[in-house]
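The values are calculated or read from the model by the stated rules, or taken from the named source; none is laboratory data. Please read these numbers as outputs of a predicted model, since none were measured by experiment. As a convention, Cβ positions derive from the backbone with ideal geometry for all residues, glycine included, and neighbour counts pool all protein chains shown.
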Amino acid sequence: MSASGLAEDPMQILDELPNLRIVILLLGSFTGKKMLCKFGGFPKLEVLKLKKLMELEEWNVEEGALPSLKDLEIESCSNLKIIPDGLRLVRTLRQLKLAKLPIISSRIKENQGEDWIKIAHVRHICTEE
């Protein structure tokens, strides 16, 4: 989705689509501040990309959400404050790219950042400032 201008959390609608495997939210697709991936949502989602969601400040992932997620990319979401706690429970996650996230860059430093524990289980992690 690109340039949709949704103010309401798109995850609340998209997670009801049981066969969805890829979600890419780009610049202008979501203009709200909070997103939630709830329990049981996105049962088959394997790829999630969040790029240039400039207003996004908070993303929550409940336990039991995203049970099939393998590839996550968060890029240029400059107001995102923390990595969701629930990501530590997504054990299927194999690839994680975190780029141009000024607020959380210090929080994801290997073995020392506050959010490192949430992503330490991921096999391949790429970070860019």
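Worth pointing out:
- Residue check, GLU63 acidic (Asp, Glu) and exposed (fewer than 14 other Cβ atoms within 10 Å of the Cβ): yes
- Residue match in the range 17-37 (condition: modelled with pLDDT under 95, in a loop (DSSP other than H, G, I, E, B) and either buried (at least 18 other Cβ atoms within 10 Å of the Cβ) or of a type in the set (D, E, K, R) (or both)): yes
- Out of ASP71, ASP9, sole residue that is in contact with a strand residue (DSSP E or B) (Cβ under 7 Å, 6 or more places away or on another chain) and either closer than 15 Å to LEU87 by Cβ or of a type in the set (Val, Ile, Thr) (or both): ASP71
- Any strands (runs of 3 or more DSSP E) falling wholly within the range 42-129 and containing at least 1 residues that are among the small types (Gly, Ala, Ser) and in contact (Cβ under 8 Å) with a residue 12 or more places away in the chain: 95-99
- Taken over the range 87-100, the criterion of being over 10 Å from the mean Cα position of the chain (by Cα) and crowded, with 17+ Cβ neighbours inside 10 Å is satisfied by ARG88, LEU89, VAL90, LEU93.
- Residue in the range 47-59 that is modelled with pLDDT of 95 or more, in contact with a helix residue (DSSP H, G or I) (Cβ under 6 Å, 6 or more places away or on another chain) and either within 20 Å of LEU6 (Cβ to Cβ) or crowded, with 16+ Cβ neighbours inside 10 Å (or both) present: no
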